[in-house]
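**Student:** This structure is in structure tokens; I'll ask about it shortly.
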């Protein structure tokens with residue numbers, strides 16, 4: 001069974017204090033790993049897709065990396081507006097032959113000024 | 001380009017009733033997926049539709065059903081509501097689904113069952 005585990009469940013940072021969020025996964029036939037950001041009362045917003053081990057993607061203060069068993073979302077010098085829940089998801093095939101996304105439970109990030 | 005639109009935003013229903021939620025995907029997107037989000041379980045996959053056909057189904061009871069229309073708009077229905085069905089129901093669309101294109105989510109329908 002495909003599994004996605006995110007840690008920590010919650011993280012509190014001071015503005016400017018860099019850190020990393022972890023997403024470990026077990027899936028047969030990974031087709032892609034996705035990172036999303038979700039603000040309270042809103043749907044998840046797409047950030048990155050990673051396809052193969054060693055790949056990195058960057059966007060402003062965020063950088064996502066991928067290994068064969070886990071992905072990290074590095075947040076450099078975060079600002080209060082980076083506060084959100086960050087979700088990781090893996091794309092894998094179902095019995096139907098079509099793929100879908102399996103999500104982790106997310107990391108709730110709070111950045112204090 | 002307009003995003004994914006879900007209606008209504010909020011619903012309050014009583015146990016035993018049924019409910020229908022609506023989703024309009026991004027123009028040109030033919031794949032629509034539905035997810036249930038709860039604090040304890042996170043996002044759980046319900047089903048995916050493409051060209052009016054259900055392609056994937058998650059591990060939910062038969063009380064949860066859906067359909068897709070020829071204009072790609074989708075509805076999901078929950079019959080005989082239970083307290084545990086209280087959740088945020090999210091709809092997401094993508095051009096074709098099943099490939100590596102990301103899902104684009106709506107802001108969800110918050111269902112409360114009393």
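**Student:** What are the radius of gyration and Dmax of region B:1-63, computed over its Cα atoms and given in Å?
**Tutor:** Final numbers for Rg and Dmax: 13.3, 38 Å.
**Student:** Per-residue Cβ counts within 10 Å, from other chains only, averaged over A:43-50: what number is that?
**Tutor:** Numbers: counts 15, 12, 4, 6, 1, 1, 3, 0.
Whole-number average of other-chain Cβ neighbours for A:43-50 is 5.
**Student:** Take peptides A:98-111, B:27-40, B:68-81, A:53-66 and line them up by average Cβ neighbours within 10 Å, highest first, as a rough protection proxy. All intermediate terms of the calculation are to be shown ahead of the outcome.
**Tutor:** Details: A:98-111: 20.8, B:27-40: 18.6, B:68-81: 16.8, A:53-66: 15.0.
Highest to lowest by the protection proxy: A:98-111, B:27-40, B:68-81, A:53-66.
**Student:** Here's a follow-up. Please rank B:104, A:74, fewest neighbouring Cβ atoms within 10 Å first, as an exposure proxy. Show your work: numbers first, answer last.
**Tutor:** Details: B:104 20, A:74 15.
Ranking B:104, A:74 by Cβ neighbours within 10 Å, fewest first, gives A:74, B:104.
**Student:** Within 10 Å of each Cβ in peptide B:32-38, how many partner chain Cβ atoms are there on average? Round it to a whole number, please.
**Tutor:** Details: counts 0, 2, 0, 5, 0, 7, 1.
Taking all residues of B:32-38 together, the mean is 2.
**Student:** By counting other Cβ atoms within 10 Å of each Cβ, how are A:88, A:23 ranked from fewest to most?
**Tutor:** Values: A:88 30, A:23 27.
Arranged by neighbour count, lowest to highest, A:88, A:23 become A:23, A:88.
**Student:** Here is a further query. I'd like the per residue volume of the convex hull spanned by the Cα atoms of chain A, given in cubic angstrom.
**Tutor:** Working: hull volume 10.6 nm³, N = 113.
Taking only Cα atoms, chain A has a hull volume of 94 Å³ per residue.
**Student:** Please compute the average number of Cβ atoms from other chains found within 10 Å of each residue's Cβ in peptide B:103-113. List each step's numbers first, then the result.
**Tutor:** Numbers: counts 9, 4, 7, 3, 5, 5, 0, 1, 0, 0, 0.
Across B:103-113, the average partner-chain Cβ count within 10 Å equals 3.
**Student:** Quick one: what Rg and Dmax do you get for region B:22-114 from the alpha carbons, in Å?
**Tutor:** When restricted to the Cα atoms of region B:22-114, Rg and Dmax are 12.7, 39 Å.
**Student:** Using only Cα atoms, locate the centre of region A:1-64 and the centre of region B:63-113, then give the distance between them in Å, rounded to an integer.
**Tutor:** Using only Cα atoms, the two centres lie 23 Å from each other.
**Student:** So for the protein assembly as shown, considering every pair of alpha-carbon atoms, how many percent are separated by more than 22 Å?
**Tutor:** Working: 13197 of 25651 pairs.
Taking all Cα-Cα pairs of the protein assembly as shown, the fraction more than 22 Å apart is 51 percent.
Computed from the coordinates by the stated procedures, all read-outs in this text should not be read as laboratory data. This structure is a prediction, so every number in the text was calculated from the model and none was measured. Because the Cβ atoms are built from the backbone with ideal geometry, glycine has one as well, and the counts that use them run over all protein chains shown.
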